[in-house]
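**Student:** Submitted below is the structure of interest, expressed as structure tokens.
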Amino acid sequence: MTEVQTIADLGRILRELRRRHARRQETAELTYRELAAKTGWSHGIIGEYLSGRILPPTDRFDILIGLLGATPAEQGALATARDQVEENRRRAMPAETPVPRQLPADVYGFTGRAGALAELDAISPTAVISGTAGVGKTALAVHWAHRAADRFPDGQLYLDLRGYDPERPVSPDDALAAFLRGLGVPAAEVPADLAERAARYRTALAGRHVLVVLDNAHGADQVRPLLPGAPGCLTLVTSRDDLAGLVAREGAHRIELGTLTPGEALTLLRTLAGPRVDEAPDDAAALAECCARLPLALRVAAELVIAHPATPLAELVADLRDEQRRLDLLDASGDARTAVRAVFSWSYQHLSPGAARAFGLLGLHPGPFLDPYGVAALADTTLPQARALTGELARGHLIEARSAGHSMHDLLRAYAAEQAADGAAALTRLFDHYLTTAAAAMTTLFPYDPGRPEAAPPRTPAPPVDQRDGAARWLDAQRPNLVAVAVYAARHGRPELTVDLSRTLWRHFEVGCHYQEALAVHGSAVQAAKASGRGLASALADLGGVHWWMGDYRQALDCFEQSLAHARDSGDQEGVARALGRLGVVHERLGDLRAALTHLGDALTAYRQTGNRHGEGVQLINLGALLRRLGEHEAAADHQLAAAAVFAELGDLRLEGYALGNLGALDSLLGRHEEALAHLERALANCRAAGDPGGEGSALGAIGTVHLRLGRHDEALDHLRRALAISRETGDRGLETETLNGLGQTLLALGRPDAALARHRSALALSDETGDRYEHARALDGLAQVMEAAGDGEQARGHWRAALEIYQSLGVPEAERVRARLSN
């Protein structure tokens, strides 16, 4: 077996095993779907493993290599090699991989729990802290996590799973996506499938010492996919449930947390409320008992003691007991929750009228947090008043400060929602605020995107989003709320809002590679549009766009075809033009170039009929690129020049850069390399100025190709490597495949055939997964060139014959060159 140092090396060995097994069995190679059925992985993740993009996890690795025909000796060597690759990656992590430090701040005044802390010190790999609401499970977990942080030098992950939130519990899919991003996995590389995400998560944690805190879990099924497989990791779970399934199946150690002892409760009150506790110890003890010795209730009560320094403690206790009796009449359960509600109610009655109203309305918010502008919208007040109200609520421990705003304990959220008045009107103001601000921010960042819903002028205080930095910051900070609002609105009778948010935010999701959030919003928009009868063509086009960028071209094709049908049925000419254009590019990628030409031509005509100059320019770019591929160079140049003129007129630097980049690629094909470099450098500058990493990567790759043709191999290698890094960061699989093939050609020119072979094979595997016919043929063509250079003419001719078949079906000029090679 050849030396294995990297994931790419391991992927190459797995592909060689697959081919060897087919030859020995005299059958076709096992497909990804066949391997998936026998391993339990998805066919998509099998493709990732065999293409050398993702390191297979240890579980089921022996099954995979056994299916690929590895001998027992080879299986042992491969298992060792896989572990060595993992070790190599771990050693490289400090320079490349962020170390997550996600723990919330340690709890002020943490008291008692010595026995539980000692148990946690001795536990591995999974512990469950269970107990009633408000008993201090989160406080214990966070306090211990800070104490033990040095044991986990590779980081600490934390997530509130919101397991008892009736509307918004965090799904395992979303939790894994958040953790993968925290571990340094680019958002675009987060797999769509739950099993694939879990495998990628376990791979990312392999060989690392990381603490994972899963707060407020509802059940074992919510937790199980989030458990690391690495022995150096520890998972700490908090839940009101005892999670018996996790204890039975995964061997988790459970710590049942009870209320504080009387002494611990008094100590906490003393820490929080000061010397008044010692001045009236009996009354303080009575107060602690009224709070059922629950830390959450004690903290709220202590704030009331501080807020009323002139009121004797005995009088405050009497007030609380009166409230307790009132609630006892309404709730005969007599459990600790009644005590907590009594404290909440008592605290609520001591709020100012404005803060009490705001508190109730905050409980209605479907998102995870609110900033002052959101509070102002909900409460219909000014920004200074909103800040004052949140300050009063925070001092009363009714809301908690977070980096992006304030959040609520779920018990407080439920109680607050019960107190809300005029909730429907408040939510309308809040949702209008999100839609209006999002539209304004998107207009600042992408002023030339047509079809965005026109938002009404803001009726409540609006954040500054009229400058690019401010707009980008607001969208990034509020993305969790925008997604939550879009999903909530689709489920609660506001489908138009979901559709409008989908249409407003699609470019933000696309440019930022926020594909999982995009799937949630656009998927909800499709359902909302079906319910409302409005905006279905647009929602389907946006959903298809996400699948396109994720490399799922067939799923994208289905969405675009549905979008076209609905746009035609509804007489939406803009929607027809958009769907036709999208269909054109996906047909091009799937290898039906004539259908692509027809759709793009029809889209150009449709945009001209509607007077949409921006859409017209986009189709000129796409048509020009397709004509270049078909060898119609003069027509291709005319289209790119026309597109550049349109976008120069409109002032869209980004898409002017795309047109110039395509013009540069055409110049290089025709031997005008210096002109090509001039156009491509302008394209690169434009895309960088517009903040478009995808366009930047494309320009870098094209510049690398020009340097390759000029014989400047080191410069070509540098540019192509930078393009490859960007393609993987943004998740642009089309660019990644194209760049891998370019790197293969460059490495062969540099006299490195083994490295060239690996790049072309990676491109072949990736194009096999995505369905990119042209790049698949290029990969076969590149493999043939490497094998011919190595003296293996028979294998070279086999690859060229396969490449020729595809080139001929596409109708591209490369077919003639390959045909000539085969005739020699």
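**Student:** Would you confirm whether or not the range 502-524 contains a residue that is of a type in the set (Lys, Arg), out of contact with any Gly (no Cβ under 6 Å at 6 or more places or on another chain) and over 21 Å from Tyr448 (Cα atoms)?
**Tutor:** No, the range 502-524 has no match at all.
**Student:** Is there any pair linking a residue in the range 730-745 that is in contact (Cβ under 8 Å) with a residue 40 or more places away in the chain and farther than 21 Å from Asp552 by Cβ to one that is outside any loop (DSSP other than H, G, I, E, B) and among the polar types (S, T, N, Q), with Cβ under 8 Å and at least six apart or on different chains, and which?
**Tutor:** Gly742/Thr705; Gln745/Gln785
**Student:** Would you mind stating whether Leu435 is among the aliphatic types (A, V, I, L, M), in contact (Cβ under 8 Å) with a residue 60 or more places away in the chain and in contact with a strand residue (DSSP E or B) (Cβ under 9 Å, 6 or more places away or on another chain)?
**Tutor:** The answer is no for Leu435.
**Student:** On to the next question. Anything in the range 488-500 that is open to solvent by 30 Å² or more (accessible area, probe 1.4 Å) and not hydroxyl-bearing (Ser, Thr, Tyr)? List them, or say none.
**Tutor:** Listed by number, the residues that qualify are Ala490, Arg491, His492, Gly493, Arg494, Glu496.
**Student:** Out of the residues in the range 138-189 that are part of a loop (DSSP other than H, G, I, E, B) and small (Gly, Ala, Ser), state the one that is farthest from Val99 (Cα to Cα).
**Tutor:** It comes out as Gly163.
**Student:** Only residues in the range 362-377 that are assigned to a strand (DSSP E or B) count as the first member; pair them with residues that are not charged (D, E, K, R), Cβ under 6 angstrom, at least 6 apart or cross-chain, and list the lot.
**Tutor:** That search, which allows pairs on different chains as well, returns Leu370/Gly405; Leu370/His406.
**Student:** Another question, if that's okay. When the range 662-676 is examined, which residues are found to be out of contact with any Gly (no Cβ under 7 Å at 6 or more places or on another chain) and either within 17 Å of Leu627 (Cα to Cα) or open to solvent by less than 20 Å² (accessible area, probe 1.4 Å) (or both)?
**Tutor:** Leu663, Gly664, Ala665, Leu666, Asp667, Ser668, Leu669, Leu670
**Student:** Continuing with this model, one more query. From the list Leu597, Leu626, Leu666, pick out the single residue that is under 24 Å from Arg688 (Cβ atoms), among the aliphatic types (A, V, I, L, M) and free of Cβ contacts under 8 Å to residues at least 60 places away in the same chain.
**Tutor:** So the residue among Leu597, Leu626, Leu666 that is under 24 Å from Arg688 (Cβ atoms), among the aliphatic types (A, V, I, L, M) and free of Cβ contacts under 8 Å to residues at least 60 places away in the same chain is Leu666.
**Student:** I'd like to check which strands (runs of 3 or more DSSP E) are fully inside the range 190-298 and have at least 3 residues that are open to solvent by 20 Å² or more (accessible area, probe 1.4 Å) and touching a residue at least 12 places away in the same chain (Cβ under 8 Å).
**Tutor:** In the range 190-298, 253-256 are the strands (runs of 3 or more DSSP E) which contain 3 or more residues that are open to solvent by 20 Å² or more (accessible area, probe 1.4 Å) and touching a residue at least 12 places away in the same chain (Cβ under 8 Å).
**Student:** I'd like to know if the range 474-487 contains one or more residues that are in a helix (DSSP H, G or I) and either among the polar types (S, T, N, Q) or more than 19 Å from Phe431 (Cα to Cα) (or both).
**Tutor:** Yes, the range 474-487 has at least one match.
**Student:** Please determine whether any residue of the range 451-461 is in contact with a helix residue (DSSP H, G or I) (Cβ under 9 Å, 6 or more places away or on another chain), under 20 Å from Gly360 (Cα atoms) and in a helix (DSSP H, G or I).
**Tutor:** So far as the range 451-461 goes, no, none of its residues is in contact with a helix residue (DSSP H, G or I) (Cβ under 9 Å, 6 or more places away or on another chain), under 20 Å from Gly360 (Cα atoms) and in a helix (DSSP H, G or I).
**Student:** Looking only at the range 747-778, count how many residues are part of a loop (DSSP other than H, G, I, E, B) and either buried (at least 23 other Cβ atoms within 10 Å of the Cβ) or at pLDDT 90 or above (or both).
**Tutor:** Number of matching residues: 4.
**Student:** Hey, another quick one. So how many residues does the range 421-452 have that are open to solvent by 30 Å² or more (accessible area, probe 1.4 Å) and more than 26 Å from Gly470 (Cα to Cα)?
**Tutor:** 4
**Student:** Find the residue count for the range 642-661, including only residues that are crowded, with 18+ Cβ neighbours inside 10 Å, in a helix (DSSP H, G or I) and among the charged types (D, E, K, R).
**Tutor:** Residues flagged as crowded, with 18+ Cβ neighbours inside 10 Å, in a helix (DSSP H, G or I) and among the charged types (D, E, K, R) within the range 642-661 amount to 2.
**Student:** Here are some residues: Ala204, Ala217, Ala192, Ala175. Which one is more than 27 Å from Asp83 (Cβ to Cβ) and at pLDDT below 90?
**Tutor:** None of the other options fit; the residue is Ala192.
**Student:** Do we find that Thr428 is touching a residue at least 12 places away in the same chain (Cβ under 8 Å), of a type in the set (Val, Ile, Thr) and in a helix (DSSP H, G or I) in this structure?
**Tutor:** It is false that Thr428 is touching a residue at least 12 places away in the same chain (Cβ under 8 Å), of a type in the set (Val, Ile, Thr) and in a helix (DSSP H, G or I).
**Student:** Output yes when any residue across the range 503-519 is at positive phi, part of a loop (DSSP other than H, G, I, E, B) and in contact with a helix residue (DSSP H, G or I) (Cβ under 6 Å, 6 or more places away or on another chain), and no when none is.
**Tutor:** The answer is yes; a qualifying residue exists.
**Student:** Given the condition of a type in the set (Gly, Ala, Ser) and under 28 Å from the mean Cα position of the chain (by Cα), answer yes or no: does some residue in the range 733-742 qualify?
**Tutor:** For the range 733-742, residues of a type in the set (Gly, Ala, Ser) and under 28 Å from the mean Cα position of the chain (by Cα): present.
**Student:** Further question on the same structure: Output the qualifying pairs, or none if there are none: Cβ atoms under 9 angstrom, residues six or more apart or on different chains, first residue in the range 48-67 and within 16 Å of Leu180 (Cβ to Cβ), second residue basic (Lys, Arg) and assigned to a helix (DSSP H, G or I).
**Tutor:** As it stands, the answer is Glu48/Arg200; Arg53/Arg728; Ile54/Arg200; Leu55/Arg82; Leu55/Arg89; Pro57/Arg200; Pro57/Arg202, since those pairs meet every condition given.
**Student:** Now for a separate question. Any residue at all in the range 453-465 that's farther than 21 Å from Glu574 by Cβ, in contact (Cβ under 8 Å) with a residue 60 or more places away in the chain, open to solvent by 40 Å² or more (accessible area, probe 1.4 Å) and aliphatic (A, V, I, L, M)?
**Tutor:** Yes, there is a match, as at least one residue in the range 453-465 is farther than 21 Å from Glu574 by Cβ, in contact (Cβ under 8 Å) with a residue 60 or more places away in the chain, open to solvent by 40 Å² or more (accessible area, probe 1.4 Å) and aliphatic (A, V, I, L, M).
The values are calculated or read from the model by the stated rules, or taken from the named source; none is laboratory data. Please read these numbers as outputs of a predicted model, since none were measured by experiment. Glycine gets a Cβ as well: all are built from the backbone with ideal geometry, and neighbour counts include every protein chain shown. Heavy atoms of the whole protein, side chains included, go into the accessibility calculation; ligands, DNA and RNA do not. Shrake-Rupley method; radii C 1.70, N 1.55, O 1.52, S 1.80 Å.
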